[in-house]
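J.: Take this structure first; my questions come after.
Laboratory data are not the source of any read-out in this text; all were calculated from the coordinates shown. If you're wondering where the values come from, they're calculated on a predicted model, not measured in any experiment. Heads up, the Cβs are rebuilt from the backbone with ideal geometry, glycines too, and the neighbour counts pull from every protein chain shown.
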Amino acid sequence: MIDKDVEEELNKQINEEMYSAYLYLSMSAYFENIGLKGFANWMYVQYQEEMGHAMKFYRYVQERGGKVRLYAIKEPPHEWKSPLDAFEQTLKHEKHITECINNLVDLAEKKKDRATFNLLQWYIDEQVEEEANDEEIIAQLKLIGDNGQGLLMLDRELGQRTYTPINQG
Ligand code: OFO
């Protein structure tokens, strides 16, 4: 049986991941509306990944004999100043998620919950990758500046991203 405090924090994290999915789906719509279909694709894949993150926690809580609680998802923004602004907000959000995961690791350690600690290692690696991806795109967008041709080239590249379902345990 899972510790009640751990269960509660994992349920809150399911909500954080669902909000991440909502945020990136909103960004996907924004990019599509401004004619950047490749960026929209990239964000749509990110939305799918976030749903995978939420469901991995969901499955885990159930498997440990806990109770999943689905809290209300807050409304994400629906407009950004520019593609660079959207990706800077994405990185800021991912840093917040990294902090949430680190807090969960601290709690699992405090409670000597080794199974949860083990699960969280996957999320730690995932956060390193996500922050690196966002930083790379931010650097490219800064180099591109006002160059429309460069933006369209990056749009084509981001249009290649495909979703690989994650193992939900
Ligand atoms: Fe973007 O990693 Fe989950 O939230």
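J.: Which trypsin sites (Lys or Arg not before Pro) from the range 10-103 combine a DSSP loop assignment with at most 13 other Cβ atoms within 10 Å?
T.: Values: sites: Lys12, Lys37, Lys56, Arg59, Arg64, Lys67, Arg69, Lys74, Lys81, Lys92, Lys95; in loops: Arg64, Lys67, Arg69, Lys74, Lys81.
Qualifying residues, ordered by number: Lys67, Arg69, Lys74, Lys81.
J.: Nearest 10 degrees is fine. How inclined is helix 148-158 to the longest principal axis of the chain, computing both from alpha carbons?
T.: Between the helix axis and the principal axis of the chain, the angle is about 40 degrees.
J.: Farthest toward the dipole's positive end in the chain, which of Met18, Ala139, Ala29, given Cβ charges of +1 (Lys, Arg) and -1 (Asp, Glu) about the Cα centre?
T.: Met18
J.: Given a Förster distance of 22 Å, report the FRET efficiency between Thr164 and Ala132 from their Cβ-Cβ distance, rounded to the nearest 0.05.
T.: 0.80
J.: Still on this model: Students often forget the sequence filter, so: which aspartates and glutamates lie under 19 Å Cα-Cα from Lys111 once same-chain residues fewer than 8 apart are removed?
T.: Here the aspartates and glutamates satisfying the reach criterion relative to Lys111 are Asp3, Asp5, Glu7, Glu8, Glu9, Glu63, Glu99.
J.: Mind checking which of Thr164, Ala54, Ala40 is farthest towards the positive end of the chain's charge dipole, using Cβ charges of +1 (Lys, Arg) and -1 (Asp, Glu) about the Cα centre?
T.: Ala54
J.: Measuring from label point to label point, each 7 Å out along Cα→Cβ, what is the Arg69 to Asp85 span in nm?
T.: Rounded to a tenth, the inter-label distance reads 3.6 nm.
J.: Still on this structure: Taking loop as defined by DSSP and a crowding limit of 16 other beta carbons within 10 Å, which GluC sites (Glu not before Pro) in the range 35-92 fit? The partial results should precede the final answer.
T.: Numbers: sites: Glu49, Glu50, Glu63, Glu79, Glu88; in loops: Glu79.
Passing both the DSSP loop test and the Cβ count: Glu79.
J.: Please report, in debye to the nearest 20, how large the charge dipole of the chain is about its Cα centre when each Lys and Arg carries +1 at its beta carbon and each Asp and Glu carries -1 there.
T.: Numbers: 19 positive and 31 negative charges, 106 e Å.
Charge dipole, the chain, about its Cα centre: 520 debye, nearest 20.
J.: With the cut-off at 28 Å, report for the range 4-158 the share of all Cα pairs above it, as a whole percent.
T.: On the way: 3125 of 11935 pairs.
Of the Cα pairs, 26 percent sit more than 28 Å apart.
J.: While we're on this one: So which of Lys74/Lys112; Lys74/Lys95; Lys92/Lys142; Lys92/Lys112; Lys56/Lys142; Lys67/Lys95 end up more than 23 Å apart, counting from Cα to Cα?
T.: On the way: Lys74/Lys112 32 Å; Lys74/Lys95 19 Å; Lys92/Lys142 16 Å; Lys92/Lys112 30 Å; Lys56/Lys142 34 Å; Lys67/Lys95 28 Å.
As for pairs spanning more than 23 Å Cα to Cα, those are Lys74/Lys112; Lys92/Lys112; Lys56/Lys142; Lys67/Lys95.
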